Amino acid sequence: MLKHPILNLPLSDVLRTEFALPLQQMMQIYTVGSFLRAWRNPKNQRSIEQVFDSPEQARHAAQTCATWLGVRTTASIGPVEGWWKSDDSSQSPA
């Protein structure tokens, strides 16, 4: 079975820096694959949720990463603030 390339994607390429760095430093979560593996443990879920602005953001991030792998998930109800890394180079200064 071939591994999906998304699993090796650095977490810092996907998450905003203020979320990726604490996950890397405190929990040794460096890739999307390690994020999803950590998310499977309920104890880790609580720790991961504390890194994000809200538990909903953490759940949305995990659902989105799982969806990239083809895992079917239920849609989140209501808006979720952005947890993803934006493309800063495409934004013009105000």
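Nothing in this text is a laboratory measurement; each read-out follows from the coordinates by a stated rule. All of these numbers come straight from a predicted model, not from anything done at the bench. Counting neighbours? That spans all protein chains shown, and the Cβs are built from the backbone with ideal geometry, glycine included.
If we keep just the residues of region 1-28 that are outside any helix (DSSP H, G or I) and surrounded by 11 or more Cβ atoms within 10 Å (Cβ to Cβ), which is farthest from the chain's Cα centre (by Cα)?
Step one: of region 1-28, the residues outside any helix (DSSP H, G or I) are 1-4, 9-10, 14-16, 28.
Going one step further and asking which of them are surrounded by 11 or more Cβ atoms within 10 Å (Cβ to Cβ), we end up with 4, 9-10, 14-16.
Working: 4: 16, 9: 11, 10: 10, 14: 7, 15: 6, 16: 9 Å.
Step by step, filter region 1-28, then rank; the result is 4.
Considering each residue of region 41-57, count those that are touching a residue at least 12 places away in the same chain (Cβ under 8 Å) and either surrounded by fewer than 16 Cβ atoms within 10 Å (Cβ to Cβ) or within 14 Å of residue 26 (Cα to Cα) (or both), and give that number.
Of the residues in region 41-57, the ones touching a residue at least 12 places away in the same chain (Cβ under 8 Å) are 44-45, 47-48, 51-54, 56-57.
Going one step further and asking which of them are either surrounded by fewer than 16 Cβ atoms within 10 Å (Cβ to Cβ) or within 14 Å of residue 26 (Cα to Cα) (or both), we end up with 44-45, 47-48, 51-54.
Going through region 41-57 one residue at a time, the tally reaches 8.
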Any idea how many residues of region 8-28 are β-branched (Val, Ile, Thr) and under 18 Å from residue 68 (Cα atoms)?
-> 1
